[in-house]
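The values are calculated or read from the model by the stated rules, or taken from the named source; none is laboratory data. Remember, predicted model here, so these are calculated numbers, not experimental data. Cβ placement follows ideal geometry from the backbone for every residue including glycine, while neighbour counts extend to all protein chains displayed. Heavy atoms of the whole protein, side chains included, go into the accessibility calculation; ligands, DNA and RNA do not. Shrake-Rupley method; radii C 1.70, N 1.55, O 1.52, S 1.80 Å.
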Amino acid sequence: MALKLLLDGKLVDGAAGLEVINPATGTVLDIAPRADVAQAEQAIAAARRAFPAWSRLSYRERGKYLERLADALDARRDEFARLLTQEQGKPLAEAQGEVFGTSATLRWCAGQELKPVLLREDANERIMEQRYPLGVVAAIIPWNFPLALLTQKLGPALITGNVVIAKPAPTTPLTTLLFGEMAAEILPAGVLQTIVDNNDLGPLFTSHPGIDFVSFTGSTATGKKVMASAADTLKRFSLELGGNDAALILDDADLESVGPKVFGSAIGNSGQICIAVKRVYAPRAMVDPLCDIFARLAGEVVVGDGLNQGTTMGPVQNEAQYDKLVALLDETRAVGTIVAGGNVPDGPGYFLEPTVVRDLPDDARLVREEQFGPIVPVLGYDELDDVIARINATPYGLGGSVWSSDTDRAVEVASRIESGTVWVNRHRSLSPDVPFGGAKQSGIGVQNGLDGLREHTQGRIVNISLK
Ligand code: NAD
């Protein structure tokens, strides 16, 4: 396909090539242009040149650019969705949903404005707070939602007057490159640039004095490196990191209605979602019927190439993650009871079965760590206080959910869970207007909502004497 990097308004080849594997076949899908240090430096210099003019535009003017991006994306929705399925693995319907969400985010951002806030005004003085853009944003993106996470960063950054260098994960660069090619016809030079690496250029951006804000989504381990590397320049950053979300089912929940929702929230995108349900807690007496429901649902899942009609779960996105999950599965088999799935299909492709496991001790790796795959542990509990303590006994704090027929009771329980989001009778619901961020080691800062926009700006207090 010969996609190119977008550098300083021009579509250019990379210094080298990078093989991109289709996870459904294990074969090379395309060769992406891979940037070197010189091209990364060129991108930073071009971004700095582009920033003054872009930041001087009004919100309304920048919003029009975002709307044009969303229009262009909508017009090519099928092309983007197919490429997304091919590079990422998710079923085509999920890919179409991601593209749809991507343009919805751009449109929401297009209509926003951070207006100055009057803090105090009387005959003697007027004090107000303005927000101004930070400058050049490095958007560092993981491989699970390449497009949605690109625009979750791009929309807020651009509308508030920043310019962006987007660095996708090395295993899913193609949709970002295609987006860059599309944007080349819409945005002024240097406002968005795309840099593909092989996991080697991140530290250059996070430590570079020419980068003003790092918007990072990825693993907690890498997030810590980003934070350390940003220290020297006291760079602003937002970290959206890993999670180990618990779904807590209360004793009055209707399992027939709750079961499919919890299961779907665990295995969507083959479990590779930061806010997937990663642990399920049910009253001890409900573990048997819940496992029966999960096993039935797991049996209904159609695992396959996301481009095939009827596929409901695609492969794991990349070989490294697949190897990690196969090892975790082996370890889990030795300490728990597999009630559904658990087999590793013969290749090609990085396929796993949706797998349900019970009878695990709390210190099993599947319970303690983020699996990021379609393996769901079901854990029993006797008392509410105890299960809440077990749920909170994790360094993560991204999301969580409480399931009950009594909303008020569920909300009361939800308010005891230490995480950035707690859903009641749903999980994984995100929208551009609602702030989203992690507690504890799941992140620092927020994305989405006006709070997310503010993160891309510096507050400036203008303090006026009227005497
Ligand atoms: P990762 O941390 O390995 O990589 C993420 C990105 O960081 C990639 O673009 C990678 O090239 C880049 N990177 C690698 N080393 C770097 C360094 N030293 N400095 C700067 N950048 C560097 O994560 P992943 O494996 O691609 O993604 C999976 C993880 O992301 C999971 O833990 C998941 O929970 C998390 N995630 C979190 C959210 C959220 O919003 N909280 C969303 C999606 C994924």
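Points worth noting:
- Test result for T206, within 16 Å of the ligand (Cβ to nearest atom), modelled with pLDDT of 95 or more and more than 17 Å from the chain's Cα centre (by Cα): yes
- Of S404, S431, all but one fail to be over 30 Å from G26 (Cβ atoms), in the same structural domain as L329 (by TED's automatic domain parsing) and hydroxyl-bearing (S, T, Y); the exception is S404.
- Here A40 meets each of (1) closer than 30 Å to M313 by Cβ; (2) in contact (Cβ under 8 Å) with a residue 24 or more places away in the chain; (3) in contact with a helix residue (DSSP H, G or I) (Cβ under 9 Å, 6 or more places away or on another chain) with one exception, condition (1).
- Of residues in segment 159-184 being farther than 21 Å from A95 by Cβ and surrounded by fewer than 24 Cβ atoms within 10 Å (Cβ to Cβ), the one farthest from the ligand (Cβ to nearest atom): G161
- Count of segment 212-236 residues, restricted to those that are in contact with a strand residue (DSSP E or B) (Cβ under 9 Å, 6 or more places away or on another chain), open to solvent by 50 Å² or more (accessible area, probe 1.4 Å) and either in contact (Cβ under 8 Å) with a residue 40 or more places away in the chain or more than 6 Å from the ligand (Cβ to nearest atom) (or both), is 3.
Quick grid of which residues meet (1) free of Cβ contacts under 8 Å to residues at least 60 places away in the same chain; (2) in a helix (DSSP H, G or I); (3) over 25 Å from F213 (Cα atoms):
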site: T25; (1), (2), (3): no, no, yes
site: V28; (1), (2), (3): yes, no, yes
site: F51; (1), (2), (3): no, yes, no
site: A70; (1), (2), (3): yes, yes, no
site: F80; (1), (2), (3): no, yes, yes
site: E87; (1), (2), (3): no, yes, yes
site: K90; (1), (2), (3): no, no, yes
site: E94; (1), (2), (3): no, yes, yes
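- Every residue from segment 104-158 that is open to solvent by less than 20 Å² (accessible area, probe 1.4 Å) and of a type in the set (K, R): K153
- Within segment 53-68, being in a helix (DSSP H, G or I) and aliphatic (A, V, I, L, M) holds for A53, L66.
- Among the residues making up segment 358-379, those that are in contact (Cβ under 8 Å) with a residue 40 or more places away in the chain and open to solvent by 10 Å² or more (accessible area, probe 1.4 Å) are R358, R368, E369, E370, F372.
- Residue within segment 412-424 that is within 22 Å of C291 (Cα to Cα), open to solvent by 20 Å² or more (accessible area, probe 1.4 Å) and not charged (D, E, K, R) present: yes
- Any chance R107 is more than 14 Å from the ligand (Cβ to nearest atom) and without any contact (Cβ under 8 Å) to a residue 24 or more places away in the chain: no
- When N269 is tested against the conditions (1) within 14 Å of the ligand (Cβ to nearest atom); (2) surrounded by fewer than 19 Cβ atoms within 10 Å (Cβ to Cβ); (3) on the phi > 0 side of the Ramachandran plot, the lone failure is (2).
- Any hit, segment 434-451, residues being over 26 Å from K261 (Cα atoms), more than 16 Å from the ligand (Cβ to nearest atom) and surrounded by 21 or more Cβ atoms within 10 Å (Cβ to Cβ): no
- Single condition P289 does not satisfy, out of (1) more than 23 Å from A47 (Cβ to Cβ); (2) within 16 Å of the ligand (Cβ to nearest atom): (2)
- Taking the listed residues V226, V262, V214, the one that is within 30 Å of V163 (Cβ to Cβ), of a type outside the set (D, E, K, R) and assigned to a helix (DSSP H, G or I) is V226, with no other qualifying.
- Counting the residues of segment 311-347 that are crowded, with 18+ Cβ neighbours inside 10 Å and among the β-branched types (V, I, T) gives 5.
- Residue in segment 415-431 that is in contact (Cβ under 8 Å) with a residue 40 or more places away in the chain, at positive phi and in contact with a Ser or Thr (Cβ under 6 Å, 6 or more places away or on another chain) present: yes
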